[in-house]
Amino acid sequence: MSAELSSQADMFRLRETSIPTRARLEAALDELHEWIGRLRLWILATNVPVEESVRLLGLADRFEMAGKELLAASHQAAALRLRQYLGDYTL
């Protein structure tokens, strides 16, 4: 996620039109989603207390949602037509 944020900032600073880390973020989100599935199974198999399982799953969900929002921002940023506006103003 940190690499994606840096890439988005670079895109605006360097006036680029694409973000090279988007595929890595998508892959990381897929891995995170699989990990959350394994975590749920582990919670059920080991009878983790409800309070602890809610805390673990809540934290994992926050990471997943932040990643999805960042991915959506990445898609929106990549769709910008920055080259048409180069020279009009400084980003």
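Have a look at ALA45, ALA60, ALA3 and point out the one that is under 15 Å from the mean Cα position of the chain (by Cα) and at pLDDT 75 or above.
Working: ALA45 fails: under 15 Å from the mean Cα position of the chain (by Cα); ALA3 fails: at pLDDT 75 or above.
From the options ALA45, ALA60, ALA3, the qualifying one is ALA60.
Contact map, the stretch 35-56: residues that are in contact (Cβ under 8 Å) with a residue 24 or more places away in the chain paired with residues that are small (Gly, Ala, Ser) and in a helix (DSSP H, G or I), Cβ distance under 9 Å, separation 6+ or inter-chain. Pairs shown: TRP35/ALA60; ILE36/ALA60.
Restricting to the stretch 29-53, name every residue that is over 28 Å from GLU4 (Cα atoms) and surrounded by 12 or more Cβ atoms within 10 Å (Cβ to Cβ). The answer is TRP42, ILE43, VAL48, SER53.
The values are calculated or read from the model by the stated rules, or taken from the named source; none is laboratory data. None of these values were measured; they are calculated from a predicted model. Neighbour counts run over all protein chains shown; Cβ positions are idealised from the backbone, glycine included.
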